[in-house]
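Okay, structure first, notes after.
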Amino acid sequence: MKIKSFPRNDHTNGWYNVLGDQPPAHVLKGDSKADWVIVGGGFSGLAAARRLGELCPDDRVVLLEAGRIGENASGRNSGFVIDLPHAISQEQPEHDLRQIRVNRQAIAWLQELIERHQIRCQWSHRGKVHVSATDKGRRNLKVLASRLSGLGEVAESWDKARLKAYLGTDYFDYGVFTPGCILMQPAALVTGLARSMPANVEIYEESAVSEFSDGATKSLNTAEGQCDNAQGDSGDQRLDTGLWLSRTSAAHHAYLRQPDAAAHETGAG
Ligand SMILES: Cc1cc2nc3c(=O)[nH]c(=O)nc-3n(C[C@H](O)[C@H](O)[C@H](O)COP(=O)(O)OP(=O)(O)OC[C@H]3O[C@@H](n4cnc5c(N)ncnc54)[C@H](O)[C@@H]3O)c2cc1C
């Protein structure tokens, strides 16, 4: 498969630019082999690389990123790490409660990584406020507050005066504050995560994957390099290939997997 569309970077990501000078990129050059190859160094690719590195300490895990890690969507978003889903359904409270538990577990894991690796990303327990400036917005937010309360969550109603004191503007007349959200500097977080990978994970930047070969030997090509399945096409192995399309971007996370990978996969999260 030839990949025809590549990320275009206008290099205007303020979060990334305020980090200052970054170390030069390691670019994939020449031929190499890996047990696992992950394409894309956003939140998804970095989490997959870390988990594979932890679960398969004897495997070589390679992550290929088209640009610089931190300049992508994961490094240029609004910086909210949310515990509560944006939409709460009335019909499926058990689904919402599960989602909240998963989110909180992920936040705790992230915080543990940040502390362990001393990632300075302005991680701050700020909570968040949903605000409205219209009657319709207020009605919707009251429904949200009531559903959150029904799930046992804290959801404070804030009036115009409280919002003005907190936000500095009197534009909004109603708000719902929930305390569990974290605010952070996204480019600092993703670059920090990339630099604190397990020892068996190698990251190559400015190494856009342009071709993926799904033959007996799986291989990925970049402009200057190639990465093949470490197992080659020998005898009894059972090779399988997966390709994930990221939910919010055109990132591809491809992996070359070994015979026992199904067992690892369930824990890869
Ligand atoms: C304006 C905005 C605000 C947002 N605010 C928030 C927020 O506050 N909180 C939140 O949780 N989420 C927020 N999001 C969503 C969040 O940014 C995304 O969900 C997240 O970045 C997705 O991560 P990802 O790893 O799947 O994709 P990406 O971050 O897009 O990473 C994909 C990577 O793949 C690379 N890539 C693509 N093609 C190739 C190739 N051929 N070879 C090699 N590499 C390749 C790209 O360069 C990129 O680095 C926001 C999004 C936007 C747009």
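Readers should treat all values here as calculations from the given coordinates under stated rules, not as data from a laboratory. Since the model is a prediction, treat every value here as computed from it, not as a measurement. For neighbour counting, all protein chains shown are included, and Cβ atoms are generated from backbone atoms with ideal geometry for every residue, glycine included.
For a Förster distance of 35 Å, can you work out the FRET efficiency between the beta-carbons of Leu151 and Ser5, rounded to the nearest 0.05?
Plugging the Cβ-Cβ distance into 1/(1 + (r/R0)^6) gives 0.30.
Arrange the following residues from fewest to most other Cβ atoms within 10 Å of their Cβ: Ser78, Ser157.
Working: Ser78 7, Ser157 13.
The order, fewest Cβ neighbours first, is Ser78, Ser157.
Just want to confirm a number: the relative contact order over the chain, from Cα pairs under 8 angstrom separated by 6+ residues, in percent.
31 percent.
Run lengths n ≥ 4 of DSSP H only: what is the helix-derived mean residue ellipticity at 222 nm for the chain, with -39500 (n - 2.57) per run over all residues, to the nearest 500?
-9500 deg cm²/dmol
Using +1 at the Cβ of each Lys and Arg and -1 at the Cβ of each Asp and Glu in the stretch 80-184, identify which of Gly168, Gly137, Gln92 lies farthest towards the dipole's positive end.
Gly168
May I ask for the angle, rounded to the nearest 10°, between helix 93-116 and the longest principal axis of the chain, with both axes built from Cα atoms and the value confined to 0 to 90°?
70
By counting other Cβ atoms within 10 Å of each Cβ, how are Trp15, Trp36 ranked from fewest to most?
With the fewest neighbours first, Trp15, Trp36 line up as Trp15, Trp36.
Could you give the nm distance between label points at Ser78 and Asp214, where each point is 7 Å from its Cα heading toward the beta carbon?
Simple spin-label model gives 3.7 nm for this pair.
Please give, to one decimal in nm, the separation of the simple spin-label points placed at Ser32 and Ala87, each 7 Å out from Cα toward the Cβ.
Taking the two extended label points, one gets 4.1 nm.
What is the order of Tyr171, Tyr204, Tyr166, Tyr16, fewest Cβ neighbours within 10 Å to most?
Ranked by crowding around the Cβ, least crowded first: Tyr171, Tyr166, Tyr204, Tyr16.
Tell me, what is the percent relative contact order of the stretch 80-184, built from C-alpha pairs under 8 Å that lie six or more residues apart?
38
Binning every alpha carbon pair distance of the stretch 1-139 at 5 Å from zero, what are the percents per bin?
The distribution over the stretch 1-139 is 2, 7, 11, 16, 18, 15, 13, 9, 5, 2, 1, 0, 0, given as percents.
Any idea what % of Cα-Cα pairs in the chain are farther than 30 Å?
Value for the chain (Cα pairs over 30 Å): 41 percent.
Report the normalised scattering of the stretch 80-184 as log10 I(q)/I(0) at q = 0.14, 0.15, 0.25 Å⁻¹, calculated by the Debye formula with identical scatterers on the alpha carbons.
Each listed q corresponds, in turn, to -0.62, -0.70, -1.29.
Rg to Rh for the stretch 16-82: what is it, with Cα atoms only and Rh by Kirkwood?
1.01
How high is the FRET efficiency between Asp170 and Arg139 when r is their beta carbon distance and R₀ equals 22 Å, given to the nearest 0.05? The partial results should precede the final answer.
Working: r = 20 Å, r/R0 = 0.92.
Given R0 = 22 Å and the Cβ-Cβ separation, E is 0.60.
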